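One structure below.
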Amino acid sequence: MKILGAILGIILILLVGAYSIAFTDFGNSITKPYVEKILKEKTGYDIKLREFDLNIDDFDITAELNNEIAARAKGKYFLFDKSFDFDYALEVANLKSFGVELNEKMNLSGKAVGNIDKFAVNGSGKAFDSDIKFLANLLEMKPTDLQIDAKNLSVEKILAVAKQPIYAKGNLDIISDIKSQNNEPSGTANIKSANLVLNEKVFADMNLTIPANTKVALNSDIRVANWIANAKSVINSNLANLSANESIYDIKNNTLKTDFALKIDDLAKIAKIINYETSGNLIANGNLQTDMKKFELTNTAIKAFNGGLLGDFNGIYELASKDGKINGDINIADFSKLKNLTKQDLKGSAKGKLDAVLKKGELENLNLNLDALGGNLVAKGNLGNLNINAKSLNLAVITSFLGLEAMANGNLNATAKLDLRKDINGNAEFSVANGTAYKKFLDKTTGKTFPSDVKFSLNGKTNIKNSVANFNSIINTDLANMEKFDGSYNIKNGALNANYILNVPSLVKLKFIVERDLKGGFKGDGEIKKSGKNFSATLNSQIAKGTLNGSIINDDATFKLSKFDIKSLTDFLNLGYFYDGVGDANLVYNTKSKKGKFDALINQGRLAKKGLVNTVSSVLGRDLTSEVYNNATIDGNIVKDLVDFKANMQAQKSKLIIEKGTLNLASKAINIPISANIEKTDLSVQITGTTENPKYAVDSAYLKQKIGKEIGRGLDRLLGGKKDSSGGATTDGTTDGGANNAKDKSSKEKAKDAVRDILKGLF
């Protein structure tokens, strides 16, 4: 008995203690901070309990949220039958913490009565810019009565309070007159809006680009009877229209069956959303059935581009298991109707069939067979063993179905065996015959203006291990041939390492790229590397009987040309022949700023036997071309199209100096002042004009004097006669009087002086 008494005493003490903690002011003061902490953890809001009075059968609680919202609930509850009867009041001063500024306060008050299985709640007030009234009776948490009058609700404010992004702004009307009949809901409801505007900034954060000021109007008419809700809904916008003529929702079983119809009059309006520029129309309709765990799509038909593209699809997907399957057919009667999609003038048809099965979210089985434009594509297998075979498949078909812009066409033949689990592994062989790369795509990709489309062919193979593809390929075009392009490509991060051999049979065809006439061909090899934003390449070649080594690291280019022949280089660059010699040159250039500098050292240099050199040699009576210039230097700077340079050339008996020469690469204009000293004879030569048509101006006191003497002697022989001892003989041997002879002599002297001045003026 003592033991029993002790146990009863302990139980009594525990009951008194529990009562004291749960239902007294002392207990409330202890419980209050714990309740606040739990509420904050569960809701994410800063909730303070200003009043917390919880007794054994009644309560009075006042809470404040974020110092903006105040809520009070006061009434009675009964623990044993789980019933309650209380009044509530809600006041909202602002919603700044939710990102919305209120222009007036919100308030809502009402009453809730019943128990957990069956209760009623009503309310009225001003909320979300609407005068709201509602009454709801719920049976096992399902509404049997739902009367709502809420017009002009602010969608922006509702989304903010629900802690959702502000997808749209505008107003919404909700009217419901559903009443209980035999404990079952019966009545009608309507949801509509005529002024919603989508918020493009929020969609941009979701990587979706929608046009600014996209307007949406919606209307849904709902009929409820026998726990079944039937709805007819329409959503219209300036982008697309979506409708469901018959949506059937089973309230008790939480299942939905609905038809749907999507109509897009102009796909150009959603180009930014799908990230592909196209135009034309699209119509899709079908049926959807779901219990919110499994979704089944049936009889889905797609008609696009004015009937040019037809498709039928069925599918099923389970959320929990991630199992699913899809099957469908596609039919293109005439590719010409799909020009807005393919961006190409294609003739022919296509038919395809797809069956795919998902297991736990992974591809378990795929069967794809596509016949298009005389070619065929077959893909079979699963994620671990996928076999792909393409025969004479036009590249245009692939780019079109992948949503890529028009790049090229040509017949693709390929085989591949892939393992796509975790990493990509496998091997493939491929070739393209009769290919054409489109001018528009090449212009956009390179920033150059191609004269026309480029014909090409391609052969290659690859072995892929851990998502790194090691490949070997050969590419031939009507501009140049890539005799070797081998390397590795990391599919995950886009890193590329490759070796190449490039052969350009005729550089004349590449004038639009190098922007000047080059003669002959070119062959080079090197490496290409790309990792993230970093790019580098090397180039090795034989040019002008010399060795070219170069490298490019991002925007910086460095080239070295060793032991090159001057004449061969000027021929290669299509410049006039003016000099012989062997040189070494260096170039540093930034492709972004288009600035650089260069220098050259030339040995065994000789002036070419032509033009001005021959003239000066003749006048001086010396062969200038016999002079050998060693250790001649040239250095200069490049700023876009303008090149300025200086040169220093010295031989045993001569010296040539250029202090500031200029060359305009765009106009080919030149301005080269040369100071020369040849065997103590000073000359000044000004070369102007263009590289194709140079003009020379020579200035030298010595040459002027010597040329004057030579001109005088020549004119004496040409115009003057031999004098006899009497001074009266004429050139024809006749005689004349003294007066006539003096007059004739004076006339001839004037003529000689005039001719002499003209000829000397040329120099």
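The values are calculated or read from the model by the stated rules, or taken from the named source; none is laboratory data. Everything numeric in this text was worked out from a predicted model, so none of it was measured. Cβ placement follows ideal geometry from the backbone for every residue including glycine, while neighbour counts extend to all protein chains displayed. The protein model used for the area step is the full one, side chains on, heavy atoms only, and it has no ligands, DNA or RNA in it. Shrake-Rupley method; radii C 1.70, N 1.55, O 1.52, S 1.80 Å.
Figures for the structure shown
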{"read-out": "Potential lengthening between T298 and K96 on full extension [0.36 nm per residue; Cα-Cα distance subtracted]", "value": "68.1 nm"}
{"read-out": "Mean Kyte hydropathy of 0.0 or more with a Cα span along the axis of at least 27 Å, helices from DSSP in the chain", "value": "2-23"}
{"read-out": "Gyration tensor (Cα) of segment 38-188, equivalent ellipsoid semi-axes in angstrom", "value": "26, 24, 13"}
{"read-out": "Residue order for S467, S237 - accessible surface, 1.4 angstrom probe, largest first", "value": "S237, S467"}
{"read-out": "Whole-Hz ³J(HN,Hα) from phi, Karplus 6.51 cos²θ - 1.76 cosθ + 1.60, for segment 134-145, glycine and proline x", "value": "8, 9, 9, 10, 10, 10, 6, 6, 10, x, 9, 10"}
{"read-out": "Å² per residue, accessible surface of segment 199-293 at 1.4 Å", "value": "58 Å²"}
{"read-out": "Two-site label geometry, K142 and R421: point separation in nm, points 7 Å out along Cα→Cβ", "value": "4.5 nm"}
{"read-out": "F401 accessible area, assembled protein chains, probe 1.4 Å, Å²", "value": "100 Å²"}
{"read-out": "Linear extension gain, K347 paired with S506, 0.36 nm per residue minus alpha-carbon span", "value": "53.8 nm"}
{"read-out": "Kirkwood hydrodynamic radius over Cα pairs of segment 411-508, then Stokes diffusion coefficient at 10 °C and 1.306 mPa s, in µm²/s", "value": "106 µm²/s"}
{"read-out": "Accessible surface ranking that places the most exposed of I678, I553 first, with a 1.4 angstrom probe", "value": "I553, I678"}
{"read-out": "Burial ranking of peptide ranges 99-107, 353-361 (average Cβ count within 10 Å, highest at the top)", "value": "353-361, 99-107"}
{"read-out": "5 angstrom amide H check on G520, placed H, neighbours 5+ away", "value": "L507, V508"}
{"read-out": "The chain, accessible surface, carbon-and-sulfur percent (1.4 angstrom probe)", "value": "56 percent"}
{"read-out": "Positive-end extreme of charge dipole, the chain - chosen from S336, N614, S186 (charges on Cβ)", "value": "N614"}
{"read-out": "Loop-located trypsin sites (Lys or Arg not before Pro) in segment 499-604 whose Cβ has at most 16 other Cβ within 10 Å (DSSP)", "value": "R516, K519, K533, K545, K592, K594"}
{"read-out": "Per-residue HN-Hα couplings for segment 179-190 [Karplus 6.51, -1.76, 1.60; θ = phi - 60°; Hz; x = Gly/Pro]", "value": "10, 7, 10, 6, 6, 10, x, 8, x, 10, 8, 9"}
{"read-out": "Whole-Hz ³J(HN,Hα) from phi, Karplus 6.51 cos²θ - 1.76 cosθ + 1.60, for segment 62-74, glycine and proline x", "value": "10, 10, 10, 10, 6, 6, 10, 10, 10, 9, 10, 10, 9"}
{"read-out": "Point-charge dipole on Cβ atoms (K/R +1, D/E -1) for the chain, about Cα centre, debye to 20", "value": "3300 debye"}
{"read-out": "Euclidean distance of C-alpha centroids, segment 496-553 and segment 665-683, integer Å", "value": "33 Å"}
{"read-out": "Residues with amide H under 5 Å from that of F450, placed H, sequence gap 5 or more", "value": "D443"}
{"read-out": "Heavy-atom accessible area per residue - segment 472-616, 1.4 Å, Å²", "value": "55 Å²"}
{"read-out": "Lys/Arg +1, Asp/Glu -1 at C-beta; the chain dipole; positive extreme among I670, Y438, N376", "value": "I670"}
{"read-out": "Built amide H within the under 5 Å cut-off of L196, gap 5+", "value": "N171, V216"}
{"read-out": "Test item: Cα-centred dipole of segment 244-372, Lys/Arg +1 and Asp/Glu -1 on Cβ, debye", "value": "220 debye"}
{"read-out": "Selection from I602, T298, G546, by position along the positive dipole direction of the chain (Cβ)", "value": "I602"}
{"read-out": "Protection proxy ranking of 457-464, 157-164 - average other beta-carbon atoms within 10 Å, highest first", "value": "457-464, 157-164"}
{"read-out": "Point-charge dipole on Cβ atoms (K/R +1, D/E -1) for segment 100-177, about Cα centre, debye to 20", "value": "180 debye"}
{"read-out": "Estimated FRET transfer efficiency when R0 is 60 angstrom, pair D46-T625 (beta carbons, to 0.05)", "value": "0.05"}
{"read-out": "Inter-label distance, nm, simple model (7 Å from Cα along the C-beta direction), K465/S684", "value": "7.3 nm"}
{"read-out": "For the chain, Kirkwood radius (reciprocal of mean inverse C-alpha pair distance, Å)", "value": "37.1 Å"}
